[in-house]
1. Grab the Cα-Cα distance for Arg100 and Thr53, subtract it from 0.36 nm times how many residues apart they are, and report the gain in nm with one decimal.
2. Suppose each label sits 7 Å from its Cα in the direction of the beta carbon; what would the Asn83-Val5 distance come out to in nanometres?
3. Among Tyr103, Tyr94, Tyr59, which one shows the highest mean-square fluctuation when the chain is modelled as a Gaussian network with alpha-carbon springs under 10 Å?
4. Obtain the radius of gyration and the Kirkwood radius of the chain from its C-alpha atoms and give Rg over Rh.
5. Return the sequence-ordered ³J(HN,Hα) values of segment 18-25 in whole Hz as given by the Karplus equation 6.51 cos²θ - 1.76 cosθ + 1.60 applied to θ = phi - 60°, using x for Gly and Pro.
6. Taking 25 Å as R0, compute the FRET efficiency from the Cβ-Cβ separation of Gln13 and Ser62 and round it to 0.05.
Amino acid sequence: QVQLVESGGGLVQPGGSLRLSCAASGIIFSLTAMGWYRQAPGKQREFVAIINTASSTNYADSVKGRFTISRDNAKNTVYLQMNSLKSEDTAVYYCKSLGRRDYWGQGTQVTVSS
């Protein structure tokens, strides 16, 4: 049974930082590309960042230079370091495993507000 469990969300002031984690089980993590997506209220879910099995990364233009995706294959965990947060980054953040079949986590809320 595949499980993706996100953590690390919360309330942060503009300009602050958060690190999200996504712990995976039930997949061969080291052979699986992983991604982060987000969904703001009233909007469609959108791509944020992706890391492949060789740790090559790609980012949405809106987060490039502020967010960093990384992975630790020994811990079956993917991270999203978010710096210089803006109010428009407020959303539920989801991790996704990308393979023969895609799986989603349950999401973690990130709220950027003063």
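1. 15.5 nm
2. 3.0
3. The residue with the greatest mean-square fluctuation here is Tyr103.
4. My calculation of the ratio gives 0.95.
5. Computed from phi, the couplings for segment 18-25 are 9, 10, 8, 10, 9, 8, 10, 8 Hz.
6. My answer for the efficiency is 0.85.
Quick note: the coordinates plus some simple rules give every number you see, no bench work behind them. Computed from a prediction, not measured in an experiment: that's the story for all the values here. Cβ atoms come from the backbone with ideal geometry, glycine included; neighbour counts cover every protein chain shown.
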